[in-house]
1. Where the centre of each part is set by its Cα atoms, how far does segment A:83-117 sit from segment B:114-167, in angstrom?
2. From the backbone phi of segment B:267-275, what are the Karplus-calculated ³J(HN,Hα) couplings (6.51 cos²θ - 1.76 cosθ + 1.60, θ = phi - 60°) in whole Hz, Gly and Pro given as x?
3. Considering only B:Val276, B:Val168, B:Val146, give the residue with the highest GNM mean-square fluctuation for chain B, with springs between Cα atoms whenever their separation is below 10 Å.
4. With +1 on each Lys and Arg Cβ and -1 on each Asp and Glu Cβ, and nothing else charged, work out how big the dipole of chain B is about its Cα centre, in Debye to the nearest 20.
5. Give me the percent of accessible area attributable to carbon and sulfur for segment B:196-323, probe 1.4 angstrom.
6. Check B:Phe25: other-chain or 5+ apart residues with amide H under 5 Å from its amide H, H built from backbone geometry?
7. In whole percent, what relative contact order does chain A give with Cα contacts below 8 Å and a gap of six or more residues?
8. Output the 0 to 90 degree angle, nearest 10, between the alpha-carbon long axis of helix B:60-72 and the longest principal axis computed from the alpha carbons of chain B.
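The values are calculated or read from the model by the stated rules, or taken from the named source; none is laboratory data. This one's a predicted model, so the numbers in the text were calculated from it and none came from an experiment. FYI the Cβ positions are ideal-geometry reconstructions off the backbone, even for glycines, and counts take in every protein chain you see. All accessible areas refer to the heavy atoms of the entire protein, side chains included, with ligands and DNA or RNA removed. Shrake-Rupley method; radii C 1.70, N 1.55, O 1.52, S 1.80 Å.
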Amino acid sequence: MSGVSLKNLYEEMLLLRRFDKLSMRLKMKDLIYSGYHPTEGQEAVAVGFCGALRDDDVLLSTHRPHIHAVAGGCTMEAVLTEMMGRTTGCSGGLGGGMQYVDPEHNFYCGSVVGSNLPIATGVAMAMKQQGSDRVCMCMFGDGASNTGSFHEALNLAAIWKLPVIFVCENNGFAEAMPVEEFVACKRISSRSRAYDLEEISIDGNDVEACRATADDLIERTRKGEGPFLVEAVTYRIRGHYVGDPEKTYRTKDEVAEKKQEEPLVRARERLLEQGTDAAELDALEGPIKERLDALSEWAVEQPFPTLEQAIDNVYIPLTEGEVACR
Amino acid sequence: MPVITFGEAIKQAYREEMQRDKNVFLMGEDVGRWGSLYRSSTGLLEEFGSEQIKDAPISEAAIAGCGVGSALMGMRPIVEFMYIDFISIAMDQIVNHAAKWHQLSNGKIKLPMVIKTQGGAGRRNSSQHSQSLENWFVNVPGLITVMPSTPYDVKGLLKSAIRNDNPVVFIEHKCLYFDKQEVPEEEYLIPLGKADVKRTGDNVTIIATSWMVSFALQAAETLADEGISCEVIDPRTLWPLDKETIIQSVKKTGLCLVVTEAPAEGGWSGEASSVVHEHCFSELKKPVKRHCSIRTGIPYGATLEREVIPGAESIAGAVRELTNAPSSSPLTP
């Protein structure tokens with residue numbers, strides 16, 4: 001597992017869990033404006049997969065992108081202040097929490113479900129044609145696996161043998177639609193059979209399994225064995241957005257039960273079994289809290305974009321001196 | 001100067017740009033083996049290989065997304081949609097991604113992507129293969145929309161579109177591919193955003209796009225015999241619009257007719273008309289008139305489709321109305 005210890009992975013997940021909590025607090029204070037999509041319970045996929053990429057690989061994410069972004073190399077400063085609409089954000093505060101790009105860190109996300117899969121094929125096609133061993137990783141959810149874009153992209157990637165890893169983060173729900181009712185197959189990974197790809201489904205709450213699978217698929221993709229589709233089965237502990245009417249689609253008991261098997265609980269149990277001291281794990285909280293407190297204090301001081309900045313790059317003007325928003 | 005077809009002019013543009021820059025590639029349904037539906041890329045697969053000429057499956061969203069992703073990585077894709085009617089499947093990529101990422105990156109990302117397609121009636125293909133959908137793109141910030149009307153223009157404009165760093169929607173007309181014209185062998189470019197005065201005149205300005213340009217010119221010829229002198233302007237790029245050329249012309253003539261194959265309602269023709277009203281109000285002798293297709297699905301049949309779109313005769317009729325000249329034939333539509 002590329003020399004990363006379970007404790008390291010646990011610490012990274014803990015950071016993302018607390019980052020999500022901080023974001024939710026900021027959402028409640030109306031300092032994040034768009035709908036906030038919480039990530040609690042999905043940290044193993046983010047750390048395991050997005051954290052396994054090389055700096056020059058490309059990561060495409062979804063409408064629930066913030067922990068993918070941070071695990072994939074974007075700074076927490078840029079991700080948080082993007083959600084808060086400040087100029088220090090990935091997209092200068094013009095995108096918000098669901099669509100932003102960070103080309104320096106090869107990170108791109110968007111808020112139309114399923115759209116990133118076709119884009120991933122283009123990224124991967126260029127990588128292949130440019131003769132590099134870079135890979136493209138495309139995160140998406142169970143909901144996206146029902147879009148036409150999913151099937152068009154899988155087919156294209158498969159016929160052209162592109163260096164792309166499609167990671168289906170199956171968190172059990174597409175908004176309020178439970179996967180059992182709205183996806184026609186038991187395992188989303190079985191859809192890979194239609195494209196003559198391996199069928200890979202793993203426990204998405206097991207961070208070691210996620211990282212080991214990611215390392216393996218990335219290595220194989222670099223060798224030209226791609227594309228791959230992998231399903232990581234996890235669970236969305238919070239609502240689709242903060243304050244969604246959860247009782248319309250699940251019970252509190254169900255959530256309580258699932259909380260027993262979420263990634264941090266699982267990793268902690270395993271670490272304790274392996275002899276790690278509980279106090280040592282608890283001690284990780286302090287520095288994370290300090291870091292996030294400082295981040296939050298800094299973030300609220302950052303400026304908002306001006307109208308001029310907002311409309312300055314609509315398109316590249318055809319002639320000198322022409323305004324960019326025509 | 002050699003006389004070549006519109007389709008051949010497109011092929012020359014492809015060839016020149018693909019030789020100049022290996023990052024330029026064409027991708028779409030049957031662009032390789034068939035050489036595109038109207039044969040504008042025949043032989044290029046053999047000449048450039050499958051890295052630059054890519055036959056794609058019938059997956060419009062994937063074709064468009066592949067364009068976005070590869071442009072992001074420094075390539076210069078030309079993604080072709082066989083009929084503009086099929087572009088509805090690709091709209092998400094074009095509108096939500098291609099048109100947005102330059103702004104979302106504060107100008108860091110460039111998306112040099114040509115979204116190439118053909119539209120319009122005239123080949124008896126009925127309502128799902130004959131539409132004029134350019135108005136959709138004109139209304140999306142971040143997109144450039146081009147509609148060439150001649151072999152000379154298509155070559156120069158396509159080369160400019162390929163070299164431009166914005167997403168450019170490039171809409172040809174299915175009835176133009178076999179039109180012939182003299183096209184120079186030496187290289188030339190036609191700037192995007194620049195209109196062309198196809199015929200000079202003093203009494204009426206006719207602004208026409210795409211296939212309609214040739215009908216406007218025919219009408220102008222007929223009207224000249226009746227003593228009405230028409231200036232015919234082809235904007236070539238619908239957006240950004242060369243307002244200056246239009247304004248100058250209408251200030252001279254004082255009368256303006258806008259002709260499009262797309263229905264008038266909610267369309268670019270209204271935008272063009274507004275530009276004239278806003279800038280030439282005091283010079284206008286009458287309000288701008290629009291002469292566009294009837295707001296209907298394009299009907300099937302050997303001749304019916306021609307009855308719902310403007311033609312040379314109906315354009316001449318519309319001009320006569322503007323100039324209060326006696327009508328020499330019944331107006332259609």
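1. The distance from the Cα centre of segment A:83-117 to that of segment B:114-167 comes to 30 Å.
2. Rounded to whole hertz, the list is x, 4, 4, x, 5, 4, 4, 5, 4.
3. The residue with the greatest mean-square fluctuation here is B:Val276.
4. Values: 33 positive and 41 negative charges, 102 e Å.
For this selection, approximately 480 debye.
5. Heavy-atom surface of segment B:196-323 belonging to carbon and sulfur, 1.4 Å probe: 48 percent.
6. Under 5 Å from the amide H of B:Phe25 lie the amide H atoms of B:Arg76, B:Ile78, each far enough along the sequence or on another chain.
7. Once normalised by length, the contact order is 21 percent.
8. Taking the Cα atoms of chain B, the angle to B:60-72 is about 70 degrees.
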